[in-house]
Amino acid sequence: MSTTAIVINHNTEVIQADIIGVEPIYMNYTLTKISNPCASGARNCWNVSYKKKASKVLKGYRVKLTYNDSTFTARMQKKPTDEYLKIRVKSDLLTMPSTVAINGSVVY
């Protein structure tokens, strides 16, 4: 029996990206789950449906960021309170052209 170890280089760094815009993200409806017992009366049998109701609900914020003359967009559930965000990203993404989306996680 042989064992193989794979080493993946996950070099990440925390960058401080300036916030240049914040837009709310709204959903124009809400879904309500409706559960009813089956007509046959069988145990653990449920008819499940969803009812769509028109309403405007705030679901989060679209945050436009800039870092080293590149702009990108992040989505957050809470509205940012500072003028910048600290974001952890893979180091090799920072050297790519500005047309590439940067995937990162916000450091709170």
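The values are calculated or read from the model by the stated rules, or taken from the named source; none is laboratory data. In this text the structure is predicted, and so the values were computed from the model without any measurement. All Cβ positions, even for glycine, are placed from backbone atoms using ideal geometry, and neighbour counts span all protein chains on display.
Things worth noting here:
- Residue that is modelled with the lowest pLDDT [pool: residues in the range 74-95 that are surrounded by fewer than 12 Cβ atoms within 10 Å (Cβ to Cβ) and either under 18 Å from residue 12 (Cβ atoms) or touching a Lys or Arg at 6+ places or on another chain (Cβ under 9 Å) (or both)]: 95
- Scope the range 50-73; condition surrounded by 14 or more Cβ atoms within 10 Å (Cβ to Cβ) and closer than 14 Å to residue 24 by Cβ; matching residues: 60, 61, 63, 64
- Listed by first and then second residue, the pairs with beta-carbon distance under 9 Å, at least 6 apart or on different chains, first residue in the range 55-73 and modelled with pLDDT under 85, second charged (D, E, K, R) and surrounded by 14 or more Cβ atoms within 10 Å (Cβ to Cβ), are 71/64; 72/64; 73/64.
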